[in-house]
Amino acid sequence: MKKLLAVILCLVLIGSLAACGGGDKDKDAGDQGTTKGDTIYVLGPTPDHGWTAQAGTYAEAKVKDINAEGKYKAEYIPASSGEEQVDQVNKIIADGNAAGVVFFALEDSAKAGQEALITENIPFISFDRIIEGPDKSAILNFSGDNWECGAAIAYWLQQKGLKPGDTLVTLIGDNGTVCSRRQEGFQEFLTGTREYHDKATGQTYKTTQVWEQKDIDALQAKYKTVCNWSADGAYQYLEQTIKDITADAKAAGGNLYVYSMDDEMTFGFMNLLEGNAIDSATKTDLEGLKLYISAIGGMQELYDVMSGASSQAKVADQYFDDMMSVYFSPKMMDSAINYMIQYLDNTDWTYAVGDGVYEPVWIVDRNNVKDYEGFTGH
């Protein structure tokens, strides 16, 4: 009897231990499945110069503020290429502590990184460069309104006399969505399918002449190049083509228009005009043209040119009959991070996955430039 009781007690004890062991395993698995990371990762550019550098500077400051507040941890991870950003995402996934990622993709090659976040169900905001495909799974796609940038420049150039058959130079940043959307906005304004709303004036403007697509294609067929957001890229292209550009503009009625999609590339043209790479006869012809040049960004250095405070204002006054820059602030990086905090706090979050939010833009020119403070670019 005693032996029987001992056996029974032993079996009960083994069963109890097994039950306890199984319970702990289930609990651990449940915790792992529901645990939420506490770190906001911000991926962006290595601060060096220009718009992207200033965006990175704003991001670093915002991350510092988040860490000081203590509710979330935050880390800014700079990169110099899209491939490097993919490696960064793989490390974030391996660390397993991501609450969300604010992703400023430097190149379309960063697409694999966004796809990896989607696979791991890590929420991300796509900022500035919106990569098609992953954008459908982003909790938000956020940037300045690039379509409106293009429409603003089309409106402004048209006000300066742009018409079919004129000579236009198109300086493109790269082949991503930022510039493709700027190009779409430019064309849509001229064809009359898009209006331009200027936040600064509160006015909405329509094209004064509805263009046919063939006329727009002809306008941009000859002098168009990708400058990789670089003043040097614009300089090198214009150095090679400026003699032909000037001759064509002179033959077509004496007007030359420059559709520059970034402040840096506009500086490239000014740097060329300041130097000795252009022969004197071409410079004389250029000076005799009606020359109008655009930009997008908001570098204080360019504002200083327009206001007359910069040493380069002299060359701008000598060659440009007018100039402008569409206000497109890198401080939007701050807003992108705030959107992630809003999402994580579930504070009035009304956006569906894949939605886009685009900040208004407007024209800054010599008439209103003193009303705005730009960012440090160079």
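Data for the structure
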read-out	value
Distant alpha-carbon pairs in the stretch 39-138 (separation over 20 angstrom), percent	32 percent
Helical contribution to [θ] at 222 nm, DSSP H n ≥ 4, -39,500 (n - 2.57), averaged over the chain, rounded to 500	-15500 deg cm²/dmol
Unsatisfied cross-links (Cα-Cα over 24 Å) in the set Lys73/Lys331; Lys71/Lys111; Lys160/Lys224; Lys71/Lys199; Lys199/Lys370; Lys199/Lys250	Lys71/Lys111; Lys71/Lys199; Lys199/Lys250
Contact order relative to length of the chain, as percent, for alpha carbon pairs under 8 angstrom and 6 or more apart	18 percent
Listed residues Ala281, Ala110, Ala316, most fluctuating in the chain (Gaussian network, C-alpha, under 10 Å)	Ala281
The chain: angle of helix 231-251 to the longest principal axis, Cα-based, in degrees nearest 10	30 degrees
Cα centroid separation, the stretch 124-170 to the stretch 294-343 (Å)	16 Å
D (Stokes-Einstein, µm²/s), Kirkwood Cα radius, the chain, 0.890 mPa s at 25 °C	106 µm²/s
Using a Förster distance of 41 Å, the FRET efficiency for Asn121-Lys206 (Cβ separation, nearest 0.05)	0.35
Virtual spin-label span in nm between Asp65 and Asn368, 7 Å along Cα→Cβ	2.5 nm
Table column - 3J(HN,Hα) (Hz), the stretch 135-150, Karplus curve with 6.51, -1.76, 1.60, x for Gly and Pro	4, 5, 10, 5, 5, 6, 10, 9, 6, x, 7, 5, 4, 5, 4, x
Angle between the chain longest axis and helix 50-69 axis [Cα atoms, degrees, rounded to 10]	30 degrees
Highest-fluctuation residue, Leu171, Leu302, Leu238 considered, GNM on the chain with Cα pairs under 10 Å	Leu238
log₁₀ of I(q)/I(0) at q = 0.13, 0.14, 0.18, 0.19 Å⁻¹ - the stretch 221-347, Debye sum with one point per alpha carbon	-0.56, -0.63, -0.95, -1.05
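Values in this text are rule-based calculations from the coordinates and carry no lab data. Note that the structure is a prediction, hence the values are computed from the model and not measured. Glycine gets a Cβ as well: all are built from the backbone with ideal geometry, and neighbour counts include every protein chain shown.
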